[in-house]
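First the structure, in the form of structure tokens, and then the observations on it.
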Amino acid sequence: MAMFLHVFARSGAALDVDAVAEAAEMAWTGDDPLELDHETDGDQVLRISVPGAGRPITVLVASAEMVKDMVDEVLEEHDQAPEKVVEQIRATKQVVSFEVFPERLDDDGWEVVDAMEMSVARALDGLVVTDDGIYDAHLKQLAP
């Protein structure tokens, strides 16, 4: 089943898809190369196929209309977050999401996901939001 990981970014700058792809390639330690497909189909901007994982990791940029709803949902789900974290989430200008299939990823695949999340969070001044917490650009947990 698909899982979504998000970067809630304070910067409204365009996502540098090439930089995200480069972060994925730098993190990959497997023998066979990653397959990268730069998509421009709707919200999808990049698909990364990890050898042996079956389904690709898909990078999506949420539409401007969806961002407010996503912010409201995250604040509701993480209602115990420190005020500083809440303020940063409220300042979100865009959300970059990663669709992954966790049951198909090994440790090498997760390294690729982590590298992409950190790359986007650093470039766009964002926080990584998952079901189990909110993290800074170095994946240090800031809130449960």
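The values are calculated or read from the model by the stated rules, or taken from the named source; none is laboratory data. Predicted model only: the values in this text are computed from it and were never measured. We place every Cβ from the backbone using ideal geometry, glycine too, and count neighbours over all the protein chains shown. Only protein heavy atoms, including side chains, enter the accessible area calculation; ligands, DNA and RNA are left aside. Shrake-Rupley method; radii C 1.70, N 1.55, O 1.52, S 1.80 Å.
Annotation: of all residues in segment 40-51 being within 15 Å of VAL20 (Cα to Cα) and touching a residue at least 12 places away in the same chain (Cβ under 8 Å), the one that is surrounded by the most Cβ atoms within 10 Å (Cβ to Cβ) is VAL50.
Contact annotation: residue pairs with Cβ atoms under 8 Å, 6 or more positions apart or on different chains, pairing a residue in segment 84-107 that is more than 19 Å from GLN44 (Cα to Cα) and without any contact (Cβ under 8 Å) to a residue 60 or more places away in the chain with a partner that is part of a loop (DSSP other than H, G, I, E, B) and β-branched (Val, Ile, Thr), are LEU105/VAL50. Scanning segment 125-135 for residues that are open to solvent by 10 Å² or more (accessible area, probe 1.4 Å) and over 12 Å from the mean Cα position of the chain (by Cα) returns ASP125, ASP131, ASP132. Here is the figure for segment 52-82: residues that are more than 18 Å from PHE98 (Cβ to Cβ), of a type outside the set (S, T, N, Q) and either without any contact (Cβ under 8 Å) to a residue 40 or more places away in the chain or open to solvent by 50 Å² or more (accessible area, probe 1.4 Å) (or both) total 10. Of all residues in segment 20-43, those that are under 21 Å from LEU139 (Cα atoms) and out of contact with any Ser or Thr (no Cβ under 6 Å at 6 or more places or on another chain) total 8. Scanning segment 15-39 for residues that are touching a residue at least 40 places away in the same chain (Cβ under 8 Å) and more than 16 Å from the chain's Cα centre (by Cα) gives MET26, TRP28, THR29, GLY30, LEU34.
Scanning segment 1-39 for residues that are open to solvent by less than 30 Å² (accessible area, probe 1.4 Å) and under 18 Å from PRO102 (Cβ atoms), we see that the one that is modelled with the lowest pLDDT is GLY30. Each residue in segment 84-110 was checked for being under 25 Å from SER11 (Cβ atoms) and open to solvent by less than 100 Å² (accessible area, probe 1.4 Å), and 13 pass.
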